[in-house]
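Single-structure report; data block below.
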There are 2 protein chains.
Amino acid sequence: MKVFKINGKTGTSEIVIGESIKNLSKYSKSNKCVIVTDTNVNALCGAFFPSGFEVIEIGIGEQNKTLSTVEKLYEKFLEFGLDRASYVIGIGGGIVCDVTGFAASTYLRGIRFGFVPTTLLAQVDASLGGKNGVNFKGYKNLIGTFNQPEFVLCDFEMLKTLPIRELKSGFAEIIKHAIIADIQLFSYLEKNYENALSLHRTEIEKILYDSFAVKSKIVSMDETEKGERRKLNFGHTLGHAIEKTTGLLHGEAISIGIIAAAKLSLKKGMLTQKDAERVENLISKFGLPTKIKMDKIAVIDAIEKDKKRENKKIRFVLLEKLGRAKIIDIEIDELKGVVSDMC
Amino acid sequence: MKVFKINGKTGTSEIVIGESIKNLSKYSKSNKCVIVTDTNVNALCGAFFPSGFEVIEIGIGEQNKTLSTVEKLYEKFLEFGLDRASYVIGIGGGIVCDVTGFAASTYLRGIRFGFVPTTLLAQVDASLGGKNGVNFKGYKNLIGTFNQPEFVLCDFEMLKTLPIRELKSGFAEIIKHAIIADIQLFSYLEKNYENALSLHRTEIEKILYDSFAVKSKIVSMDETEKGERRKLNFGHTLGHAIEKTTGLLHGEAISIGIIAAAKLSLKKGMLTQKDAERVENLISKFGLPTKIKMDKIAVIDAIEKDKKRENKKIRFVLLEKLGRAKIIDIEIDELKGVVSDMC
């Protein structure tokens, strides 16, 4: 078991890597604890929830990541008489964590909360960085706050219940962290991908820890996403556009986005051919897609609607070298060229 | 003109005392500014709003302090294409400021915002301290965040449009600040109450500045209301209960609450008879009520439902002496005795 501590502007957070959900009540010390989860997770893991905790179930899928779900949580919080000393624990994937974090951050102007993420993606991504929120009128995460949970328990047993495709998808964010800021982690992933995919304890513990270290360092430099933190968007501008227009999982779409960003870095003379190939090979080793048949026009349209766009330029994350990202304004047309190459 | 600066955990804020709304555009430098106001304020002051700013009107009164109003703001923000560089300005009383602050703090996980409070109560109370939010299912301010506006312009001209009863009500919070932490301000108010009520520039500027200094010092010690900040609740436990059960304005109800808290401090041997009388006299000088016919049972019932209650005790703010508050757990029964004395 490894513990990763984060000191953010909005508070301190403890990520416990390799802890079992069975020990949850050690972390949520309070007069009253409420668990927020979804129907699937409750069915699979409900038996491990501590007795005496109230459980609130939300529906499954992105269509439930709304203000209306948040309002239902407020109603339940009231019904259970939660006060400022109470604890809310989100147990589930990214959607459960995002919705729970937002509800807890705004109920009574913020009560204490923690997460037990049940997917690798949520362990790596949604539980660290303090972003929470919901979609609004079709816009992803339009409404939310920055507020770090007090604790995050990463239980590897949870990951064993995941479909393999979803597990692989979670590794995309880890690979991203290695590429943008940790060349040692990158090499480690190249060597140990098989044990990582089989969820061997030693490897997964190290990989998660190092991945948190990358994200945490970047987040702590820029908690409210005004500069440095944009590096975490590596692979995401194109990735989001692909996710929106194809049926790919988040990590799968990000994989294509990462490869495109590496190719563009190569094209601009920033990355070597050899390193661009290492990126593609690593993604391939983790069983993630390296190319996809996509509707070029729809993808470009989605990029043009991107929040980070300013006139004809877009703020884009490229690679100076393997292990070092750089934020650069590039022409939309340049990006279109890369999209064409990928199709 | 006096400028009061606040460095809070959630950012820096500038309160400009005696600035005209006509200079608003100096403070909200951005590609896009949106004003949120209510029907009354728009009719009275709309002519002074800078040209080129979009204006969103919300309905008047507590019944509009809801999530549904916040959602309407989100929709308008989307319609006007607000991004992270945009500015939202709330111009109105406490309700406009509270709703605007919450919407701006959660849209895109927080965009920049400022206030032009148009009532004395909002200038003193709602614009400083970073509390925002809305009511939910009949509970006041159940949903919200702590987030300080970047600027607050206190325009005295605005106050001249207020009904005199509302103006007097605003002074109750100023008197409260003097009583809990600033004996000099208390003496100044005793001497200069007439010019203060006539909104003479010199007096009102000094009184607001000193009042901000008290609140700001307390808030900076405890931004998320875990200890010291509770002192600002002086007069409010009983005051809120009275406000809820009678037709009194906030400041009027608080005045009764302040006198009750002073009387209880006297009873407990903490405050002298003479100082308790000074409190009552000052409130009287500002034309605020010192007693009211109230439904004792309803008031006690409201106190018992108070958020700050723990079993049979309630966390209460008393006075060690004039100019110094102290937080003490007292028995509900003791409080009932004081309520009986006031009826």
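For the stretch B:137-170 versus the stretch A:123-184, the spacing of their alpha-carbon centroids is 39 Å. Taking 4 °C and 1.567 mPa s as conditions, the stretch A:170-304 diffuses translationally at an estimated 84 µm²/s according to Stokes-Einstein applied to its Kirkwood radius (Cα pairs).
Can you give the FRET efficiency to the nearest 0.05 for B:Glu228 and A:Asn192, using r as the Cβ-Cβ distance and R₀ = 51 Å? Once the sixth-power term is evaluated, E becomes 0.50. Note on chain B: the C-alpha convex hull projects to 15.8 nm² when averaged across all orientations.
Overall, the protein assembly as shown carries a charge dipole of about 940 debye about its Cα centre when +1 sits on the Cβ of Lys and Arg and -1 on the Cβ of Asp and Glu, all other atoms neutral. Taking all C-alpha pairs of the stretch A:1-153, those more than 29 Å from each other amount to 7 percent. Within chain B, antiparallel bridges make up roughly 50 percent of the DSSP beta bridges whose residues both belong there. One quarter of the surface of the convex hull around the alpha-carbon atoms of the protein assembly as shown equals 29.7 nm², the direction-averaged projected area.
Put in order of Cβ neighbour count within 10 Å, fewest first, the listed residues A:Leu153, A:Leu162 become A:Leu162, A:Leu153.
Bridging of A:Lys267 to aspartates and glutamates at a Cα separation below 19 Å is possible for A:Asp275, A:Glu277, A:Glu280, A:Glu320, A:Asp329, A:Glu331, A:Asp333, A:Glu334, A:Asp341, once same-chain residues fewer than 8 apart are set aside. Across the identical copies, the label point of B:Asp295 (7 Å from Cα in the Cβ direction) is separated from its matches by 6.1 nm, in order from shortest. How far is the Cα center of the stretch B:210-256 from the Cα center of the stretch A:26-61, in Å? Cα centroid of the stretch B:210-256 versus Cα centroid of the stretch A:26-61: 36 Å apart.
3J(HN,Hα) along the stretch B:262-272, derived from phi through the Karplus expression 6.51 cos²θ - 1.76 cosθ + 1.60 where θ = phi - 60°, amounts to 5, 5, 5, 5, 4, 4, 8, x, 9, 10, 7 Hz, with x in place of Gly and Pro. In plain terms, if you count all Cα to Cα distances in the stretch A:72-169 and split them into 10 Å steps from zero, the share in each step is 17, 46, 30, 7, 0 percent. In order along the stretch B:20-36, the Karplus-derived 3J(HN,Hα) couplings, from 6.51 cos²θ - 1.76 cosθ + 1.60 at θ = phi - 60°, round to 8, 4, 4, 9, 3, 5, 5, 9, 9, 6, 6, 5, 8, 10, 10, 9, 10 Hz, and Gly and Pro are given as x. Using a 7 Å projection from Cα along Cα-to-Cβ, the label point at A:Ile327 is separated from the same position in the remaining copies by 3.8 nm, smallest value first. Ordering A:Cys45, A:Cys97 from the fewest to the most neighbouring beta carbons within 10 Å gives A:Cys45, A:Cys97. Neighbour counts of C-beta atoms inside 10 Å place A:Met342, A:Met270 in the sequence A:Met270, A:Met342, starting with the fewest. Mean partner shielding of peptide B:103-109, defined as the number of other chain Cβ atoms within 10 Å of each residue Cβ, is 6. Counts of other chain beta carbons within 10 angstrom of each beta carbon in peptide A:327-335 average 0.
Only the coordinates and a few stated rules stand behind these numbers; no lab work does. Treat the numbers as computed from the prediction; the structure is a model and nothing was measured. Every residue, glycine as well, gets a Cβ built from its backbone with ideal geometry; the counts of neighbours run over all protein chains shown.
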